Amino acid sequence: MKVKYKVWFSRKMEFLLLPKVTANLPIANVDMAGWEVPAGVELADPAFFTSKAVDLVLGIQHFFTFFNNGNEVSLGEGFPTLTESVFGWVVSGCVNGLHSNHRISCNMPVSLEELLTRFWSCEKVDASNNYSPEETRCEDQNIQSVRRDCDGRYTVSLPKDKAALERLGESRDIAFRRFQSLERRLLKEPELRIQYRKFMEDYLELGHMRKVEEQLGSNEGIRCYLPHHPVVKEESTTTKVRVVFDASCKTITGTSLNDTLLAGPVIQDDLRSNCSAEQNNANHGGFGC
C-alpha cells in the first residue's frame, strides 16, 4: 500500500485591504476548445478560464518561492504554458483570439487646445517680481555700481544700508584687543606666524587690501575695524592657513559691519519644495565704509 504525502506550503505575509484590487482577470471568458491539458495535472485554479474578480495580489518578494522545481508543460503554439507551483499547475501566457467586448474610455471635459494652453501657462516664466523694499534697494544699488575695470573684470560695490551705517559704533578697541590676543598666539607658534604673515603680504600684493593712514578730525568719515584670525586646514593641498576677517563682530552700539549690508532677493529657482532656502551672509573683510 502506497501512502501519498501532502506537502504543505506556508508563508507569513502582510496585505493591504482595498475595495477592489484590479480589473477582472482574464478580461473575458476563455474558450478552451482545442486545448489538450495533460491528464493528472492538478490546476491551481480549475476555473482559470472564467473572467472573475481578483481576490489578492502577492508581491514579487514572494513570487519565486512559489516555483521551486522549474517544471513546465507547453500546450502548443498559440496556447499558454503550464508551470508547476506550490499551489498546483499555473496557466500563463498568451491566448490567440482572446478579445474583450468591454471598452474602457477616459472622458475629459476640456478640449485639447485648452489643455495645451494650460500647459504653456505653467511653463511660462513670470518676469515680474515680489521684491521687498530692502531687496529692491539692494538690486538697484548693484545695477548702478556695476563697472568694468581696465583688465576687463566686472566689479560691483557692496550694497549698503545708509540707516544702519549711521548706527555703526566705535570698533577700534575690540579689534585691537583681539589683535593682541592673536599676537600672543603667533609668538607661541612660529610656523603659523610665518604662514599668517605670508598670507597678509599676498593680500597686499594682489591689491585685496591697502594701508590706510591714520587721519584725525571730523572729516575722516565712518570707519570699521575688523578683527581677524587664522583658520588652519592641514589637508589642504594649496593654502593650509587662511585669514578670516570677522565682519560679524559687534561694535559698541551692537551693530556689526554685516548688519549694514542689504540682503538681496533669492535668485535660485523656486523648486516648490517644503524646504525653505536659507540666506547665509558671508564675512566681508578688508573694506572700509
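Taken together, the values in this text are just the output of simple stated rules run on the coordinates, not laboratory data. Because the structure is a prediction, the values reported are computed rather than measured. Counting neighbours? That spans all protein chains shown, and the Cβs are built from the backbone with ideal geometry, glycine included.
Starting from 0.36 nm per residue, how many nanometres of slack lie between SER74 and LEU112 once their C-alpha separation is accounted for? It would help to have the intermediate numbers written out before the result.
Details: separation 38, 0.36 × 38 = 13.68 nm, distance 4.73 nm.
Going from the current span to full extension adds 8.9 nm.
What spacing in nm lies between the two simple spin-label points modelled at VAL41 and ASN142, each 7 Å away from Cα in the Cβ direction?
About 7.3 nm separates the two model spin labels.
Please give the contour-minus-distance gain from LEU56 to LEU25: 0.36 nm per residue of separation, less the Cα-Cα distance, rounded to one decimal in nm.
Working: separation 31, 0.36 × 31 = 11.16 nm, distance 1.18 nm.
That works out to 10.0 nm of additional length.
Can you work out the FRET efficiency for the pair LEU158 and GLN180, with r the C-beta to C-beta distance and R0 = 25 Å, to the nearest 0.05? Before the final figure, lay out each step's value.
Details: r = 28 Å, r/R0 = 1.14.
After rounding to 0.05, the efficiency reads 0.30.
Could you give each residue of segment 157-164 its phi-based ³J(HN,Hα) in whole Hz, using Karplus coefficients 6.51, -1.76, 1.60 with θ = phi - 60°, and x for Gly or Pro?
7, 6, x, 10, 9, 4, 5, 6
Enumerate the calculated ³J(HN,Hα) couplings along segment 182-193 in order (Karplus 6.51 cos²θ - 1.76 cosθ + 1.60, θ = phi - 60°), each rounded to whole Hz, writing x wherever the residue is Gly or Pro.
Here the 3J(HN,Hα) series is 5, 4, 5, 5, 5, 5, 7, 10, x, 5, 5, 4 Hz.
Which order do the peptides 71-81, 234-244, 148-158 come out in when sorted by mean C-beta neighbours inside 10 angstrom, highest first? Please report the intermediate quantities before stating the final value.
Working: 71-81: 12.6, 234-244: 11.1, 148-158: 9.0.
Result, highest mean Cβ count within 10 Å first: 71-81, 234-244, 148-158.
Going highest first, how would you order 25-35, 135-145 by mean Cβ packing within 10 Å? All intermediate terms of the calculation are to be shown ahead of the outcome.
Numbers: 25-35: 12.4, 135-145: 14.9.
Most protected by this proxy first, the peptides run 135-145, 25-35.
As a test of understanding, state the convex hull volume per residue of segment 161-265 from its alpha carbons, in Å³. Numbers along the way, then the final one.
Values: hull volume 16.2 nm³, N = 105.
Hull volume over Cα atoms, normalised by residue count, gives 155 Å³.
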